[in-house]
1. Collect the residues in region 160-173 that are in a strand (DSSP E or B) and either within 17 Å of the chain's Cα centre (by Cα) or at pLDDT below 95 (or both), keeping them in residue-number order.
2. List pairs: first in region 265-279 and closer than 12 Å to residue 184 by Cβ, second modelled with pLDDT of 95 or more and part of a loop (DSSP other than H, G, I, E, B), Cβ under 6 Å, 6+ apart or cross-chain?
3. Within region 203-227, track down each residue that is over 19 Å from residue 94 (Cβ atoms), crowded, with 17+ Cβ neighbours inside 10 Å and more than 16 Å from the chain's Cα centre (by Cα).
4. Could you please let me know if residue 211 is more than 16 Å from residue 279 (Cα to Cα) and in contact with a strand residue (DSSP E or B) (Cβ under 9 Å, 6 or more places away or on another chain)?
5. Do you know which residues across region 91-126 are in a strand (DSSP E or B) and more than 30 Å from residue 288 (Cβ to Cβ)?
6. For the condition touching a helix residue (DSSP H, G or I) at 6+ places or on another chain (Cβ under 7 Å), assigned to a strand (DSSP E or B) and at pLDDT 95 or above, what is the one hit in 134, 129?
7. Could you pull out every one of the strands (runs of 3 or more DSSP E) wholly within region 228-302 that has 1 or more residues that are within 14 Å of the chain's Cα centre (by Cα) and within 22 Å of residue 150 (Cβ to Cβ)?
8. If residue 123 satisfies every condition in (1) touching a helix residue (DSSP H, G or I) at 6+ places or on another chain (Cβ under 8 Å); (2) touching a residue at least 24 places away in the same chain (Cβ under 8 Å) but one, which is the exception?
């Protein structure tokens with residue numbers, strides 16, 4: 001079929017509407033359908049290929065891997081890049097770089113003031129202390145900011161989704177004091193991969209790509225009057241540091257991992273040798289002329 005015939009068919013479909021519906025939804029869906037019709041025609045997609053793809057999407061939904069697929073196909077990174085561009089055009093500069101949230105946040109993690117311990121003492125690995133401040137546009141400490149942190153265990157699994165772990169293992173919320181400081185103790189995370197044999201890996205295999213992520217720690221950082229920051233830091237030295245299947249590694253988000261001992265660990269109840277990361281988060285003031293950083297999406301809650 002030529003484009004004129006396809007457009008006539010699309011118009012017939014669009015004209016079948018008997019109610020007003022939602023204008024925004026109609027615009028988006030009609031554009032997606034048009035582009036897919038063109039793709040089927042241009043690439044001569046067969047009925048078998050079409051139904052294989054549709055069945056794949058259904059199975060992906062049943063497996064709960066759409067969040068992984070969105071990251072692996074670059075959609076989350078693309079949305080971040082668009083928001084970066086909109087902020088830059090509005091003259092909004094500075095702040096800690098954002099990067100993807102991923103699909104594994106859980107709301108309701110216990111809140112502490114100033115410092116929290118994320119692990120329960122049973123997770124193997126090197127002890128980690130991460131500390132720093134939450135700062136405003138002028139580099140001054142932000143009191144009462146909320147630092148939400150979560151990361152995987154030594155097997156690459158996240159509590160709540162992995163029922164073998166204690167509730168909120170390796171997840172906490174930390175409220176800064178007047179000095180803007182936050183700190184937490186945990187274990188140094190390791191990199192991991194998408195589920196072997198899962199729907200995400202199945203498609204990545206077809207694309208000739210791997211499904212590995214470097215070791216990383218997720219954060220939401222928020223404060224009244226400031227744009228919410230969604231980000232993560234990566235652990236320097238990981239073999240997949242700059243080859244993340246989810247495209248989440250960014251300059252400014254790979255802090256030095258220092259070797260520490262003794263007095264540095266005393267305020268956090270840590271003895272002996274441990275890994276130390278110093279990292280400040282910088283927030284920017286909220287603006288009404290740029291899209292919000294609050295993303296409306298389904299998230300787990302314990």
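1. Of everything in region 160-173, those that are in a strand (DSSP E or B) and either within 17 Å of the chain's Cα centre (by Cα) or at pLDDT below 95 (or both) turn out to be 171, 172, 173.
2. Matching pairs, first to second residue: 277/255; 277/257; 279/255.
3. Once the filter is applied, which keeps residues that are over 19 Å from residue 94 (Cβ atoms), crowded, with 17+ Cβ neighbours inside 10 Å and more than 16 Å from the chain's Cα centre (by Cα), region 203-227 yields 203, 204.
4. For residue 211, the condition - more than 16 Å from residue 279 (Cα to Cα) and in contact with a strand residue (DSSP E or B) (Cβ under 9 Å, 6 or more places away or on another chain) - is met.
5. 106, 112, 113, 115, 116, 117, listed by residue number.
6. 129
7. 229-234
8. Tallying (1) touching a helix residue (DSSP H, G or I) at 6+ places or on another chain (Cβ under 8 Å); (2) touching a residue at least 24 places away in the same chain (Cβ under 8 Å), residue 123 fails exactly one: (1).
The values are calculated or read from the model by the stated rules, or taken from the named source; none is laboratory data. Every value quoted in this text rests on a predicted model; they were computed, and no experiment measured them. Positions of Cβ are generated from backbone atoms using ideal geometry, with glycine treated the same way; all protein chains shown enter the neighbour counts.
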